[in-house]
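Structure first, commentary second.
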Amino acid sequence: MGFIGWVVLGLIAGGIAKAIVPGDRKPTGCLATMVLGVIGAVVGGWIGSRVFHVGIDRFWSLSTWGLAVLGSVILLFVWGLVTGHRK
């Protein structure tokens, strides 16, 4: 997957994760969502390769999207714990 693919995947996965995780104290803005999604996709890819033996290598794969969103949700949860914002 190329750079543009990672950016698009990160933007969409970050937006989905922000919609899933409850609370209003999350990073806002398009750039913060994209960074959250890209880092979440990396986290999800790492978890997928270690636990499920599945990687993030194809853009149109359901496992790629699921792992990217899962990683973004985990990242948002950790962000909330670190910054102390819970709701």
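Just a few scattered comments:
- Close contacts from the stretch 67-86, counting a first residue that is more than 20 Å from residue 50 (Cα to Cα) and a second that is part of a helix (DSSP H, G or I) and open to solvent by 70 Å² or more (accessible area, probe 1.4 Å), with Cβ to Cβ under 9 Å and a gap of 6+ residues or different chains, come to 76/20; 85/79.
- Hits in the stretch 50-62 - residues which are in a helix (DSSP H, G or I) and at pLDDT below 85: 52
- Any hit, the stretch 30-38, residues being open to solvent by 50 Å² or more (accessible area, probe 1.4 Å) and either modelled with pLDDT of 85 or more or at positive phi (or both): no
The values are calculated or read from the model by the stated rules, or taken from the named source; none is laboratory data. Owing to the predicted nature of the structure, the values given are computational and were not obtained by experimental measurement. Ideal geometry is used to build each Cβ from the backbone, glycine not excepted, and the neighbour counts take in all protein chains shown. Heavy atoms of the whole protein, side chains included, go into the accessibility calculation; ligands, DNA and RNA do not. Shrake-Rupley method; radii C 1.70, N 1.55, O 1.52, S 1.80 Å.
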